[in-house]
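Below is one structure; the comments refer to it alone.
The values are calculated or read from the model by the stated rules, or taken from the named source; none is laboratory data. Predicted, not measured: the structure shown is a model, and the values here were computed from it. Note that we place each Cβ from the backbone using ideal geometry, even for glycine, and neighbour counts take in every protein chain shown. In case anyone asks, the SASA skips ligands and DNA or RNA and just uses the protein heavy atoms, side chains included. Shrake-Rupley method; radii C 1.70, N 1.55, O 1.52, S 1.80 Å.
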Amino acid sequence: MAARKRGKLKDEHRHFVVQRLACFDTPKEVAEALRDEHGVEISPQSVEAYDPNKRAGRDLAQKWRDLFEKTRADFQDNLEKYVPEASKVVRVRHLAHAARAFKGRGNYVGMADMMERIAKEVGNVHTNRRELTGKDGGPIKTAHSDLTDDQLDERLAKIMGALAGPSDAAADAATD
């Protein structure tokens, strides 16, 4: 195993650290990735110095701030490029793989659960979007009236009188 390098980071290492932080990796994750991929040891506290949003990164050079902002914007705009699980197709594929694995082990309850999750995923159950339509998928029909309050009161009185029936109407007339 190669010896671990300590000390000042080279620009390629700084570039790596800044980009990983911009993609919302924690300082600990970045330090471990730098060690695993480049053989360079750095503490999570030292990694924080490359995040312009942290107090430790307040003196970060403009070059690295610009890289951070560009990478963060790209990451947020193209999330599926960086996080495959953000794509519905990838999630459904993983669920289908799990369903097949459950079936292969004879776990039909687990398989049924995965199948239900697939159906929900494909049916957009996990979104806030709801479409309301009228009959046969057409537009919802709405009706409005230009009645004044007095006209509306008259109509309501007629309806109430018709609902009251003849015996109730006679009793109301007698009390007046």
| said: Whether any residue in region 33-40 is β-branched (V, I, T), closer than 24 Å to E121 by Cα and out of contact with any Asp or Glu (no Cβ under 6 Å at 6 or more places or on another chain) is what I want to check. | reply: no
| For region 19-100, which fully contained helices (runs of 4 or more DSSP H) count at least 2 residues that are of a type in the set (D, E) and either free of Cβ contacts under 8 Å to residues at least 40 places away in the same chain or at positive phi (or both)? | 27-38, 62-77
| task | Out of A31, A86, A98, report the one residue that is modelled with pLDDT of 95 or more and within 30 Å of M111 (Cα to Cα). | result | A98
| note | Exactly one of R129, R105 is modelled with pLDDT of 95 or more and out of contact with any helix residue (DSSP H, G or I) (no Cβ under 6 Å at 6 or more places or on another chain), and that residue is R105
| Residue count, region 94-115 (criterion: among the charged types (D, E, K, R) and surrounded by 14 or more Cβ atoms within 10 Å (Cβ to Cβ)) | 2
| List, please: which pairs have Cβ atoms under 9 Å, are six or more places apart or on different chains, and start with a residue in region 141-161 that is exposed (fewer than 11 other Cβ atoms within 10 Å of the Cβ) and end with one that is polar (S, T, N, Q)? | S145/Q151
| Would you call N53 within 16 Å of R20 (Cα to Cα) and open to solvent by 100 Å² or more (accessible area, probe 1.4 Å)? | yes
